[in-house]
Structure formats: C-alpha cells, structure tokens
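The values are calculated or read from the model by the stated rules, or taken from the named source; none is laboratory data. In this text the structure is predicted, and so the values were computed from the model without any measurement. Here the Cβ positions follow ideal geometry from the backbone for every residue, glycine too, while neighbour counts run over all protein chains shown.
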Amino acid sequence: MKMYVAGQWTDKPNTIEVRNPYDNAVLDTVPRADKGDVERALQSAERGAKAMAKLSGYDRWKILRKAAELMAARQEDLAQTISKEEGKIIAEGRLEANRAVETIMGSAEEAKRLHGETVPLDGAPGGAGKFGVTIRVPCGVVVAISPFNFPLNLVCHKVGPALAGGNAAVLKPATDTPLSALKLTEILLEAGVPPEGINTLTGSGGEIGDLLVTDRRVRKITFTGSRDVGERICKQAGLKRVTMELGSNAPVIVMPDAALDKVAAAVAATGYANAGQVCISTQRVLAAGKVYGDFLDALRPKVQALKIGNQLDETVKVGPMVREREAVRVDEWVKEAVASGARLVTGGKRQGAFYEPTIVADVKPEMRISCDELFGPAVAVTPFSDIDEAIALANDSNYGLAAGIFTENLEWAWKFAREVQSGNLHINWGPQWRADLMPYGGLKESGFGKEGPRYAIEEMTELKMVVFHLSS
Ligand code: NAP
C-alpha cells in the first residue's frame with residue numbers, strides 16, 4: 001500500500017515488506033518514509049489543523065460517524081488484515097475490528113461534548129463584576145505513534161479523539177503492522193476528513209521518530225508502545241503535551257476463597273490471548289499457598305487445550321508471535337527461570353515464531369519472567385501467605401497498568417483496589433479486560449494520561465480560561 005502524505009497517496013522506491021508472522025509470506029510493501037516525508041507531513045498537518053479547526057462539532061461528529069459506518073461495512077476485510085499482519089487469531093481480529101468501530105463511534109460522540117464550565121469569579125476577592133468561562137480548543141498538530149499488537153483499535157484510540165477534538169493527526173503506525181492503519185486512513189478520508197486532516201507515514205520509528213517528536217509544530221504526542229521507546233520520546237519531546245501508554249507485567253491475585261475453576265478459565269483467557277502480546281496480559285499469578293497446588297491443577301488442562309497454529313484457522317486459539325525473535329526471547333526467559341529454580345508446569349517449547357502456551361510455577365519476583373515485561377504466552381506463578389504479602393508482590397514492579405484479584409471477600413477486594421498501584425483494577429477477572437469507553441492508562445512506568453474517547457479528548461484539547469471584566 002502507499003502512505004498518505006500531504007493529501008497524496010505516496011509511493012517511494014525504498015519500501016518495507018509487511019509479512020505474515022505465520023509463514024513469513026510477504027503480504028504487501030509500504031514506503032519507507034524519510035526526513036523529507038516527515039517535513040512534508042508536518043507542513044501538511046499545519047494546514048490540516050487549520051481546516052480541522054474550522055469544522056463544527058456537528059461536522060466532526062458526522063464525519064466520524066460515517067467512518068464508523070464504513071468500518072462496520074468492511075469489518076471482515078479489516079479483521080483479516082489485522083490477523084494476517086499481526087498474527088492474532090481471526091476471532092481476535094474480528095473482535096478488534098468490531099471494537100474499533102465502537103472507538104470511532106465513541107470519539108464521534110465526544111465531538112459534541114467538548115464542554116467548558118462557568119467559573120464563579122465573584123467568589124474571589126476583587127472578583128465582583130467578573131465573569132469566567134472555560135473553553136476547550138484543539139491542540140493543533142497531534143502526532144500519534146502506535147504499537148504492533150492492536151494495529152487498528154489502538155490507532156483509533158488516538159486518531160478518533162484527535163480528530164473529534166478538531167486537530168490534525170500525523171500517524172506513525174508500527175512497521176510490522178501498517179496495513180490496518182492505512183486502511184483506516186482510506187476510510188477516514190472517504191468519510192470526509194479534510195485531505196490534510198490526517199497524514200499517515202510508514203517507516204521506521206528509529207529513523208523518523210525523533211524528527212516527529214522533536215518538531216515544534218507538534219503540540220501533542222500520543223504514544224503507545226514499550227517503556228524504553230516511551231522514555232526516549234519523553235526526553236526528546238521537550239515542552240509538549242504527551243500521553244504515554246506503556247508496558248506492564250500485570251498480576252492477578254488468587255485469594256484462598258476464590259472459585260478456582262473461574263480463576264483458571266480467566267487466566268487461560270487473559271494470559272494467552274494474542275499469544276500473550278497484550279499490554280494487560282496476565283503475566284504474574286500470585287496464588288495463596290492454601291490453594292496453590294489446586295490452582296495449578298485447574299489451570300494446566302485449560303492451557304494445554306489451547307491449540308496453536310495458523311491464525312486464520314477458526315479452530316486455533318493461539319497464533320504465532322509477531323516475530324521469531326520475540327519467541328526466541330520468551331524461550332530464553334523461561335529457560336533462565338527454570339535454570340534458577342522455577343518449575344515448568346506445561347509448555348516451554350518454541351517452533352519458529354510459535355511459542356507453546358506455558359505455565360511456570362515457583363517463580364521468584366526477581367526472575368525476568370516476573371519482574372520484566374514478558375509480552376509472550378507464558379504465565380509465572382508465585383505463592384503468597386496473606387493479602388499484605390500478595391499486595392506487596394503485586395506492587396513489586398516498576399509497572400502499574402492493570403491487576404486483578406479473585407475473592408468473595410469485600411474487605412480484601414477493597415483493600416486490593418485501594419492499595420495495588422495500578423491504573424485498572426479488576427475484581428473477579430484477570431487484568432486483561434477493557435471496554436473502549438472506560439478511562440484506561442497506567443501508573444508508574446506504565447505511563448500517564450488516559451485513553452478512552454471521553455478522557456483522550458481532554459488530553460487532545462487545551463483548556464482556556466476566559467475572563468469577562470464587566471463594568472456593570
Ligand atoms: P515499540 O517497539 O515501543 O514501538 C511502538 C511504536 O514506536 C512503533 O510505531 C515504533 O515504530 C515506534 N518507535 C520506535 N522507536 C521510536 C523512536 N525512537 N521514536 C518514536 N517512535 C519510535 O512497541 P511495540 O513492540 O510495537 O509494542 C509492544 C509494546 O507496547 C509493549 O511494551 C506493550 O506493553 C506496549 N503496549 C501498551 C499498551 C497500553 O495501552 N499501555 C497497549 C499496547 C501495547 P517501528 O515499529 O517502526 O519501530
């Protein structure tokens with residue numbers, strides 16, 4: 001496919017191959033953007049921002065609603081594109097395509113809700129006769145940089161609220177998975193986004209990322225991706241508004257009163273979806289000593305039943321990882337843990353980009369499969385003795401994106417919600433659950449700022465305070 005720069009679908013002699021992780025077959029090629037393309041995109045986005053700012057909220061709502069309708073009409077094509085380029089099973093591709101419609105529809109609705117408020121200035125000393133009101137205005141040019149693992153919906157979580165807020169977006173999708181984002185760009189233009197309201201650059205983040213994030217014409221950066229790239233962007237960005245949606249090693253706590261069948265079903269569902277490549281995947285299970293063995297017995301058959309294979313085969317539950325080198329890394333971390341005293345309960349084998357759904361028990365917090373972000377289809381299980389130890393273990397992480405607890409005890413559930421340092425907390429489900437309308441984002445090194453259209457649009461707009469100094 002071509003990239004979309006300065007109102008033109010643009011090709012280049014220098015291209016990047018987009019491959020299906022299942023068999024490495026080339027699906028398509030995309031241009032490799034360079035410095036000149038970044039400059040053209042930013043010049044265009046400045047013009048686009050002016051065009052976007054002229055649209056009324058109603059116009060923006062109509063355009064995004066139309067985009068959601070077009071996406072709904074092309075669901076299966078979008079789902080196939082997601083699955084083929086990313087490797088997630090087709091059921092997950094369909095779910096993502098469906099969620100993306102909701103995200104764009106939710107963004108459309110927010111275009112109508114950019115409320116300000118009146119501020120009672122006469123409550124301040126010397127405030128008599130003053131009248132204050134806040135208004136929200138677009139930031140201008142928004143740079144959106146997205147990861148490979150949700151190549152459509154996470155792009156929608158950025159571009160949707162950016163356009164709803166009256167900004168121009170410059171999108172840089174992940175190099176492994178640019179096709180879904182390009183198809184979305186086609187749809188947005190077809191729905192009526194002004195020709196320069198969006199620019200979509202394909203190419204290496206390592207090559208063009210700094211140019212995008214350091215440029216002074218950019219007023220807002222919204223990034224989803226790894227912790228290290230996020231930190232680099234923050235350092236480079238300077239004085240700009242920044243939203244960071246970064247990684248995690250999400251824990252789930254299994255209290256002694258938990259219904260173990262339900263826990264096992266939840267861990268199997270939330271630990272291995274998308275071959276574990278979800279930022280909120282269950283990575284660490286902290287299980288009460290009293291139920292530790294029974295929990296492993298309940299989980300093992302459920303994980304062993306997860307069939308791996310071609311992601312387009314409807315019977316397959318776990319597809320390949322996005323690249324073989326990621327499967328090699330997961331294998332190394334699992335082997336390293338086992339060599340340091342952890343116990344392989346099931347899985348632990350790699351074939352190309354495939355990694356068997358794996359359970360590792362007796363994991364110590366300092367092992368990499370526990371303390372770093374694994375981002376693969378393996379779950380690390382660690383015992384604890386009481387809720388205080390469980391919460392301390394859950395918090396023994398630089399990350400804090402999502403966490404879960406299984407218990408029927410309200411006191412424990414509330415203590416967990418108050419004390420676990422995490423942006424999303426789930427009672428009686430695993431951490432991997434998200435409704436696209438909810439506020440979503442991490443604490444600590446999992447990032448800052450919230451997504452979910454209602455919250456993201458606030459991050460994508462500036463609050464202005466207007467004071468009327470009235471003489472009467
Ligand atoms: P990544 O390697 O950090 O890449 C993310 C994006 O950043 C890609 O578009 C990448 O481009 C670009 N990039 C790379 N270097 C850059 C630079 N120097 N400046 C600007 N942009 C640069 O992450 P990933 O492997 O795609 O995704 C997995 C990570 O995302 C995991 O850590 C996961 O937890 C996190 N994630 C977080 C959330 C959340 O909501 N918190 C959701 C999903 C994923 P290239 O592809 O060209 O390198």
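Looking for something outside the structural domain of GLU326 (by TED's automatic domain parsing), out of contact with any Lys or Arg (no Cβ under 8 Å at 6 or more places or on another chain) and of a type in the set (S, T, N, Q) - is there at least one such residue anywhere in the range 60-78? No, there is no match, as no residue in the range 60-78 is outside the structural domain of GLU326 (by TED's automatic domain parsing), out of contact with any Lys or Arg (no Cβ under 8 Å at 6 or more places or on another chain) and of a type in the set (S, T, N, Q). Scan the range 38-62 residue by residue and report those that are buried (at least 24 other Cβ atoms within 10 Å of the Cβ) and either aromatic (Phe, Trp, Tyr) or within 14 Å of GLY192 (Cα to Cα) (or both). Selection gives GLY48, MET52, ARG60. Of the strands (runs of 3 or more DSSP E) lying entirely inside the range 129-178, those containing at least 2 residues that are within 15 Å of the ligand (Cβ to nearest atom) and of a type in the set (A, V, I, L, M) span 141-145, 168-172.
Does at least one position in the range 36-51 carry a residue that is closer than 15 Å to VAL159 by Cβ, in contact with a helix residue (DSSP H, G or I) (Cβ under 6 Å, 6 or more places away or on another chain) and assigned by TED's automatic domain parsing to the domain that holds PRO21? The answer is no; no qualifying residue exists.
Among the candidates ALA269, ALA287, single out the residue that is more than 16 Å from PHE448 (Cα to Cα), surrounded by fewer than 23 Cβ atoms within 10 Å (Cβ to Cβ) and more than 16 Å from the ligand (Cβ to nearest atom). First the steps, then the outcome.
Values: ALA287 fails: surrounded by fewer than 23 Cβ atoms within 10 Å (Cβ to Cβ).
The unique qualifying residue is ALA269.
Screening GLU207 on (1) buried (at least 18 other Cβ atoms within 10 Å of the Cβ); (2) touching a residue at least 40 places away in the same chain (Cβ under 8 Å) shows it passes everything except condition (1). Scanning the range 301-338 for residues that are in contact with a helix residue (DSSP H, G or I) (Cβ under 7 Å, 6 or more places away or on another chain) and assigned to a helix (DSSP H, G or I) turns up LYS302, VAL303, TRP333, VAL334, GLU336, ALA337. Out of the residues in the range 358-375 that are in a loop (DSSP other than H, G, I, E, B) and in contact with a strand residue (DSSP E or B) (Cβ under 6 Å, 6 or more places away or on another chain), state the one that is surrounded by the most Cβ atoms within 10 Å (Cβ to Cβ). The residue in question is VAL363.
Hey, any hits in the range 59-69 for a residue that's out of contact with any strand residue (DSSP E or B) (no Cβ under 7 Å at 6 or more places or on another chain), closer than 29 Å to THR15 by Cβ and among the aliphatic types (A, V, I, L, M)? Checking the range 59-69: at least one residue is out of contact with any strand residue (DSSP E or B) (no Cβ under 7 Å at 6 or more places or on another chain), closer than 29 Å to THR15 by Cβ and among the aliphatic types (A, V, I, L, M).
For the range 95-128, what are the residues that are assigned to a strand (DSSP E or B) and in contact (Cβ under 8 Å) with a residue 60 or more places away in the chain? Show your work before the answer.
Initially, the range 95-128 is screened for residues assigned to a strand (DSSP E or B), giving 118-119.
Of everything in the range 95-128, just one residue is assigned to a strand (DSSP E or B) and in contact (Cβ under 8 Å) with a residue 60 or more places away in the chain, namely VAL119.
Out of ASP257, ASP228, which single residue is at pLDDT 95 or above, more than 30 Å from SER83 (Cβ to Cβ) and either outside any strand (DSSP E or B) or of a type in the set (Phe, Trp, Tyr) (or both)?
Details: ASP228 fails: more than 30 Å from SER83 (Cβ to Cβ).
Answer to the selection: ASP257.
Looking for something modelled with pLDDT of 95 or more, within 14 Å of the ligand (Cβ to nearest atom), in contact with a Gly (Cβ under 7 Å, 6 or more places away or on another chain) and hydroxyl-bearing (Ser, Thr, Tyr) - is there at least one such residue anywhere in the range 190-204? Within the range 190-204, not a single residue is modelled with pLDDT of 95 or more, within 14 Å of the ligand (Cβ to nearest atom), in contact with a Gly (Cβ under 7 Å, 6 or more places away or on another chain) and hydroxyl-bearing (Ser, Thr, Tyr).
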